[in-house]
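Structure, as structure tokens:
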Amino acid sequence: CKQFLSIMMFSLGLARYYSRQSLDIVSRSNTTIFWQHQAPLPDRGIDMNNNADTFSISGRIRSALHAIEGIVEVMRSQHNAWLHALATLCVLAAGYAFGVSTSQWCFLIMAITGVWVVEALNTAFELLCDVVSPEFHPLVKKSKDVAAGAVLLSAIGAATIGFVIFLPYVTPYL
């Protein structure tokens with residue numbers, strides 16, 4: 001988990017740096033992609049740096065608004081997010097209807113949150129891949145497939161947790 005977080009923080013740092021750069025692909029091999037830096041992208045009036053030197057409420061509000069824009073982007077651009085939303089509503093309704101315990105709620109909430117976080121990271125990863133390599137490239141396809149596989153694994157894990165929690169409640173009705 002620590003390694004994953006380290007990699008994600010490093011990747012986000014690179015994304016922040018390279019979001020101001022224009023990249024052209026110079027050459028490719030089977031394992032390495034080489035980049036050539038061009039002139040910075042034109043300023044579009046969007047300040048991506050919300051981390052002012054001093055704490056401010058307005059800065060935190062701007063950060064929250066950017067986060068909400070990200071969630072809206074996931075819902076708008078990812079069809080599977082709607083399936084996750086439907087599954088989330090069904091699990092919440094079933095948990096309420098069956099009166100699951102507090103500890104079971106904790107597991108359900110962690111599972112739901114895990115799926116949403118992985119879906120959001122997958123979306124961010126796919127958007128970055130589309131910027132870096134707008135044309136088809138087999139390595140970009142593989143990396144997108146791996147990220148989509150992570151979403152699938154998290155959804156299977158969440159479904160398994162739901163199955164284990166809800167099975168005792170559903171069994172009497174079968």
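Please specify each residue of segment 74-97 satisfying the condition of being part of a helix (DSSP H, G or I), over 16 Å from Ala159 (Cβ atoms) and open to solvent by less than 50 Å² (accessible area, probe 1.4 Å).
Result: Val74, Met75, Ser77, Ala81.
Suppose the filter is among the aromatic types (Phe, Trp, Tyr), within 13 Å of Gly162 (Cα to Cα) and surrounded by 11 or more Cβ atoms within 10 Å (Cβ to Cβ); does Phe125 pass it?
no
Can you tell me which condition Ala67 does not meet? The list is (1) open to solvent by 80 Å² or more (accessible area, probe 1.4 Å); (2) hydrophobic (A, V, I, L, M, F, W, C); (3) modelled with pLDDT under 95, and all the others hold.
Single failed check for Ala67: (1).
Pull up segment 124-144, narrow it to residues that are assigned to a helix (DSSP H, G or I) and either more than 16 Å from the chain's Cα centre (by Cα) or at pLDDT 95 or above (or both), then point me to the one that is farthest from Ala67 (Cα to Cα).
Pro138
Return yes or no: is Ser154 part of a helix (DSSP H, G or I), open to solvent by less than 40 Å² (accessible area, probe 1.4 Å), among the small types (Gly, Ala, Ser) and at pLDDT below 95?
no
With the requirement that a residue be open to solvent by less than 70 Å² (accessible area, probe 1.4 Å) and among the aromatic types (Phe, Trp, Tyr), what does segment 98-108 give you?
Residues satisfying the conditions are Phe98, Trp105.
Looking at the structure I just gave you, is Ala111 assigned to a helix (DSSP H, G or I), open to solvent by less than 70 Å² (accessible area, probe 1.4 Å) and over 15 Å from Gly162 (Cβ atoms)?
No.
Those residues that are of a type in the set (A, V, I, L, M, F, W, C), open to solvent by 50 Å² or more (accessible area, probe 1.4 Å) and without any contact (Cβ under 8 Å) to a residue 40 or more places away in the chain, I need them from segment 128-144; list them, please.
Answer for segment 128-144, where residues must be of a type in the set (A, V, I, L, M, F, W, C), open to solvent by 50 Å² or more (accessible area, probe 1.4 Å) and without any contact (Cβ under 8 Å) to a residue 40 or more places away in the chain: Val131, Phe136.
The values are calculated or read from the model by the stated rules, or taken from the named source; none is laboratory data. Keep in mind it's a predicted model, so treat the numbers as computed, not measured. Quick reminder, even Gly has a Cβ in these numbers, built from the backbone with ideal geometry, and neighbours come from all protein chains shown. For accessibility, only protein heavy atoms count, side chains too; no ligands or nucleic acids. Shrake-Rupley method; radii C 1.70, N 1.55, O 1.52, S 1.80 Å.
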